[in-house]
1. In the stretch 213-223, is there at least one residue being closer than 14 Å to residue 263 by Cβ, in contact (Cβ under 8 Å) with a residue 60 or more places away in the chain and away from the ligand (no atom under 16 Å from the Cβ)?
2. Taking residue 66 as meeting all but one of (1) within 16 Å of the ligand (Cβ to nearest atom); (2) at pLDDT 95 or above; (3) closer than 27 Å to residue 1 by Cα, write down the number of the exception.
3. Yes or no: the stretch 244-262 includes at least one residue that is under 21 Å from residue 135 (Cα atoms) and away from the ligand (no atom under 12 Å from the Cβ).
4. What single numbered condition from (1) assigned to a helix (DSSP H, G or I); (2) farther than 22 Å from residue 64 by Cα fails to hold for residue 368?
5. Kindly indicate whether residue 191 is surrounded by fewer than 24 Cβ atoms within 10 Å (Cβ to Cβ) and touching a strand residue (DSSP E or B) at 6+ places or on another chain (Cβ under 9 Å).
6. Hey, residue 413 hits all of (1) farther than 24 Å from residue 216 by Cβ; (2) in contact (Cβ under 8 Å) with a residue 24 or more places away in the chain but one; which does it fall short on?
7. Check residue 159 against each of (1) touching a strand residue (DSSP E or B) at 6+ places or on another chain (Cβ under 8 Å); (2) within 16 Å of the ligand (Cβ to nearest atom); (3) at pLDDT below 95 and name the one condition it does not meet.
8. Select from the stretch 103-123 the residues that are in a helix (DSSP H, G or I) and within 16 Å of the ligand (Cβ to nearest atom) and list them in ascending order.
Ligand SMILES: *Cc1c(COP(=O)(O)O)cnc(C)c1O
């Protein structure tokens, strides 16, 4: 059994200080039945808790840690930046350097702006799209997550397109009514929605590779349909690549599926573990943003020099070696092939999904293609599998609705150890 005594005590205290003891809900291990390990340090692919347990980390801070924890070059860049001051609230050269590199990697982005979180990036992209089109309504897909901005915290009750209901108390019905939702991968429902109200829709926002209902891939031709329909109605197509950007492929989902969106949001990897995100796209849309245009958006710490330094060094690391991401993808494939074999041997009915360096395991006998099929997966089997993996030193995302991440720091031995642990965990999952 895992020893988590110090974490348990720390969590008890944290619960008196912060809602649920955490600063972001999923960290609380709500459905798992053990305290969340409190982390003391991390290095490469290893993460260590305050009880001294070491794990192979597949959470990677929920995506950013593509080059591994505490990469020496990222640490050095941060140390040097810190000695020059932590924030000025004035333009710096490094902001343009990072912007230039992002533009090179994402040719669909003609201009961009740095913000501090993915939430800000999607919220600001939606505002710019509304300002540009002069329209109010937006479309999002059920089970896609775009941060916690009010107008994006909305889903519908069923697979049918319907006017939005707020997902969270505190989001007003007035805000929610401008967010239309439709099931992911349902081509007919989307076509019908656009036929009905396409000319009133400012933006369609989508995770082109969905990672927030577990990992769910777009079906053949689906993203092209979104491109064609939005073009037809003068609607801004926003690819939210905050999670899948730089890691499903270096140039993101838009390169894999050969789609040019009007706008893209990026986050997570772009800050190399510090708070950075960005939104960008067509010049005519981005020039609506203040002070070039009228759409207001600002940030005291936007383009922060420490955050820019970590982001720039991380993007340099994954571009200097042109095969960096490809190699990490190949390692991920070895892992998911191993997980499939292990599940088959244990007689566990699972769906193992992979996109580049992202993967997830659904305890489901049927294919998972949208939120409804993801939600129908067996949560108890997942919990038993998760706890067995944790006990064996494998740190996975503590929910079937979250994706796992492989970094360039994961070794062949890490992958082999993980597959070996999964053989035991899939047997444990059967209960
Ligand atoms: C994580 C995530 C966000 C939100 O980013 P934060 O930095 O947590 O605000 C938005 N969109 C997608 C696709 C994400 O995965």
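1. Within the stretch 213-223 (the criterion being closer than 14 Å to residue 263 by Cβ, in contact (Cβ under 8 Å) with a residue 60 or more places away in the chain and away from the ligand (no atom under 16 Å from the Cβ)), the answer is no, since none of the residues qualifies.
2. Status for residue 66: all satisfied but (3).
3. Yes, because at least one residue in the stretch 244-262 is under 21 Å from residue 135 (Cα atoms) and away from the ligand (no atom under 12 Å from the Cβ).
4. If we test residue 368 against (1) assigned to a helix (DSSP H, G or I); (2) farther than 22 Å from residue 64 by Cα, just (1) comes out false.
5. No; evaluated as a whole, the condition is false for this residue.
6. (2)
7. (2)
8. Across the stretch 103-123, the qualifying residues are 118, 119, 120, 121, 122, 123.
The values are calculated or read from the model by the stated rules, or taken from the named source; none is laboratory data. Nothing here was measured: the structure is a model prediction, and the numbers come from that model. Methodologically, a virtual Cβ is constructed for each residue, glycine included, from the backbone with ideal geometry; neighbour enumeration extends over all protein chains shown.
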